[in-house]
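The values are calculated or read from the model by the stated rules, or taken from the named source; none is laboratory data. The model shown is predicted, which means the values in this text are computed figures rather than measured ones. Using ideal geometry, Cβ is built from the backbone for each residue, glycine included, and neighbour counts are taken over all protein chains shown. Remember, those area values only see protein heavy atoms, side chains included, never the ligands or the DNA or RNA. Shrake-Rupley method; radii C 1.70, N 1.55, O 1.52, S 1.80 Å.
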Amino acid sequence: MMSRVRWTALIAAAALLGVAHPVAAGSTRFEERLQRAVASGAVDPQRADLYRLLRLRAAERLPEVLREAQGPAARSAQRPLGAERPSRDGTAEMRLLRARLAQASAAIRAEAEHYLSAAPAATERPAAARVAGKTGGKTLLNRVVTDNFSVEWGSELTNENGTSPAADTGPAFSGDPAVGGNGVPDVVERWAGYLEASFGVVAGMGFEDPLVSSSLVPVYLGNSDPDRIEDDINSSRYFGFTDQVGNQVPYLVVNNDFRALLGLTGVTAIQQFMKVTAAHEFFHVFHWLYDSTQTEAEIDEDIWWWEASATWMEDEVFDSIDDYFGWFDGTYVDPGWAELAEEGLAPDYTDTTYAARAYGGVIFAKYLAEHVGGRDSMGKMWNRIRGGTRVLAAFDAYAVSRGFDGLEHLFVGFVGANAVMDYEEGAHYGQVSAPSPASGSTAPVSYLGASYRSRPPAPAGGVEISVPVAPATDWGLSGVLDSAAGFSLVVGGRLGSGTTPSAQFANVGARDSVFVAASWLTKAPAIPFTLAEASFTSPDIDAPAVVGLGAPLARAGGFDLSWTPPADFDVAGYVVNWESRAPAGDAGYRTFFGPVTAAELRGLTPGTYDLQVFAYDTVGNADLAAAATATVTVAELGSDATVPVSAAAIPNALVKALDLGTPPPPPTGGGGGGGGGGCFVQSLGF
């Protein structure tokens with residue numbers, strides 16, 4: 001049992017919180033109130049981490065002053081979310097809290113232990129099912145087993161919008177995996193279907209692990225069992241989280257009641273969030289298995305890539321939902337990613353704008369997939385991390401493997417693409433803030449490691465934009481010519497400390513615009529810099545020769561394309577243009593900076609497309625008349641991943657085993673776990 005001294009200390013801490021901050025619960029945000037309590041001495045920093053863990057696992061156990069108001073109206077009233085990271089995904093928090101609490105006092109560790117080992121995985125309980133060679137033990141009252149998941153829920157399951165009782169009436173929309181009258185609540189079948197769809201896509205990219213191959217992945221529907229209060233995440237604002245106990249298969253907890261999150265009430269919107277949550281959290285399973293970083297400092301530096309790549313996976317599995325747009329334009333955080341001051345590629349987890357930086361960092365994953373190495377780039381990146389390489393070092397090694405002069409060189413192209421949002425869905429990302437004119441502009445670096453300045457359309461001719469006095473740090477410069485002809489060119493490179501670089505374009509048209517961005521890959525001080533513009537006459541007026549173009553390969557919603565470089569020594573990049581014959585008017589381009597010689601283009605409607613591919617050099621010389629050409633017919637429309645079986649076949653194909661109403665076995669050992677054990681849970685009640 002909890003000692004009388006410890007109990008008294010907790011009551012005192014709660015009282016001090018109330019005295020120091022006499023505010024109604026929910027009137028100011030959790031982290032802000034907690035930090036004030038720590039600063040005033042009312043709460044010890046280690047106990048503050050315990051409270052953060054409680055907020056994720058059992059928020060109703062928090063001191064009253066730290067609890068947040070509930071319900072859709074309260075959630076809506078708390079927006080915008082810029083003053084605190086929105087609690088969309090608790091995985092990163094669990095990762096960091098595990099590291100921090102491992103260093104805490106014995107008393108704090110004892111109180112936290114139940115919540116750090118509360119959801120046992122397959123090997124912690126007797127195997128209750130064997131499906132497709134996989135095993136998994138039952139923890140909650142009810143369970144459905146699919147090919148790859150054990151989905152469990154308790155006695156108080158609701159529908160996804162919080163209404164009760166949970167329906168078993170069958171499909172409500174096209175592609176709905178629910179089946180009526182089979183004893184499985186529709187909301188459970190939807191979660192199972194969305195998870196299996198995610199499994200198919202992630203496994204199809206080559207992600208695998210012996211634990212996932214041999215064991216069912218446990219999934220617990222939070223807020224469905226009053227005896228497992230550690231999975232009551234309804235009051236925490238979390239959509240879900242993924243966690244790992246020891247070396248067991250990671251498990252997922254997902255929020256069963258989405259009506260309290262961001263004011264959601266509509267069932268259609270809720271089911272969209274269920275889909276992206278399933279894809280996001282399942283990809284975290286492999287993050288836990290692949291990333292062996294242990295220290296708080298390492299996790300702090302690397303964890304953003306967990307969130308950015310998991311957000312990327314959401315769109316790979318369920319492309320039409322496009323939930324990730326909200327991280328760019330201020331929908332989910334204010335300011336949005338596009339408005340943030342510079343902090344480098346790896347954001348600081350303690351920054352209050354971390355959510356926009358981490359989730360908004362999905363754009364770097366999009367850049368790798370759309371401009372550098374295709375969808376395979378994600379697997380290649382994570383396999384390097386799996387080998388023990390830190391995230392930025394893995395990026396650097398991957399950049400070198402693709403022919404770049406390190407990550408700094410690749411980063412220059414990324415910054416250039418952002419200037420004009422040269423992405424498949426870039427029209428929805430917002431635009432960079434680029435004051436005009438460029439000449440004489442002085443400002444600190446901004447916008448994810450880059451500061452943009454624009455030159456408006458002006459008389460035609462050569463243009464050079466330079467930085468007369470360079471900061472004493474390693475950096476890069478991206479110049480972007482946004483051509484009225486319907487494409488962009490990116491020039492620039494990695495620059496050493498103290499250099500005075502420039503971006504040069506030999507021939508800028510009267511209706512063209514020029515952007516220039518000074519970029520720092522890693523976090524740098526806010527160093528003001530000045531841009532100077534001058535006329536430029538290039539001694540080089542010759543465009544690169546024609547590329548050798550391979551036959552395009554039609555894919556669902558697009559095509560794959562490769563080419564061989566011309567012999568010219570000064571090629572800076574390539575442009576792929578496309579335009580449909582029928583239906584007419586579907587046109588676009590993609591600019592590939594650096595030594596990239598292959599492309600995966602998607603997002604096209606079925607039709608016949610004329611393609612052009614041309615190289616350009618370091619001062620923007622290009623000859624469209626000499627572009628290599630090809631034709632491709634896109635016959636299939638790209639679509640979301642869907643449940644891999646038809647709705648009618650679900651009882652026999654998706655649901656492999658059904659176990660309803662059998663109480664779970666008691667815990668197999670000491671400590672918390674199972675159906676609500678643990679001294680801390682039993683005795684702590686603020």
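Things to note:
- For G336: the one exception among (1) on the phi < 0 side of the Ramachandran plot; (2) surrounded by fewer than 21 Cβ atoms within 10 Å (Cβ to Cβ): (2)
- Which numbered condition T169 fails, given (1) open to solvent by 20 Å² or more (accessible area, probe 1.4 Å); (2) modelled with pLDDT under 90: (2)
- Members of segment 304-316 that are hydrophobic (A, V, I, L, M, F, W, C) and either surrounded by fewer than 23 Cβ atoms within 10 Å (Cβ to Cβ) or touching a His at 6+ places or on another chain (Cβ under 9 Å) (or both): W305, W306, A310, M313
- E196 being open to solvent by 20 Å² or more (accessible area, probe 1.4 Å) and modelled with pLDDT of 90 or more: no
- Taking the criterion of being more than 13 Å from the chain's Cα centre (by Cα) and part of a loop (DSSP other than H, G, I, E, B), the residues of segment 348-388 that qualify are D348, Y349, T350, D351, T352, T353, G373, G374, R375, G387, G388.
- Of the strands (runs of 3 or more DSSP E) lying entirely inside segment 530-578, those containing at least 1 residues that are surrounded by fewer than 16 Cβ atoms within 10 Å (Cβ to Cβ) and among the hydrophobic types (A, V, I, L, M, F, W, C) span 532-535, 553-555.
- Filtered by the rule that a residue be closer than 12 Å to M205 by Cα and touching a residue at least 60 places away in the same chain (Cβ under 8 Å), segment 355-380 gives G374, R375, D376, M378, G379.
- Residue that is most open to solvent (accessible area, probe 1.4 Å) [pool: residues in segment 172-191 that are in a loop (DSSP other than H, G, I, E, B) and either basic (K, R) or without any contact (Cβ under 8 Å) to a residue 60 or more places away in the chain (or both)]: S174
- Residue in segment 395-416 that is part of a helix (DSSP H, G or I), open to solvent by less than 10 Å² (accessible area, probe 1.4 Å) and over 24 Å from R590 (Cα atoms) present: no
- Within segment 108-121, restricting attention to residues that are in contact with a helix residue (DSSP H, G or I) (Cβ under 8 Å, 6 or more places away or on another chain) and open to solvent by less than 40 Å² (accessible area, probe 1.4 Å), the residue that is modelled with the highest pLDDT is I108.
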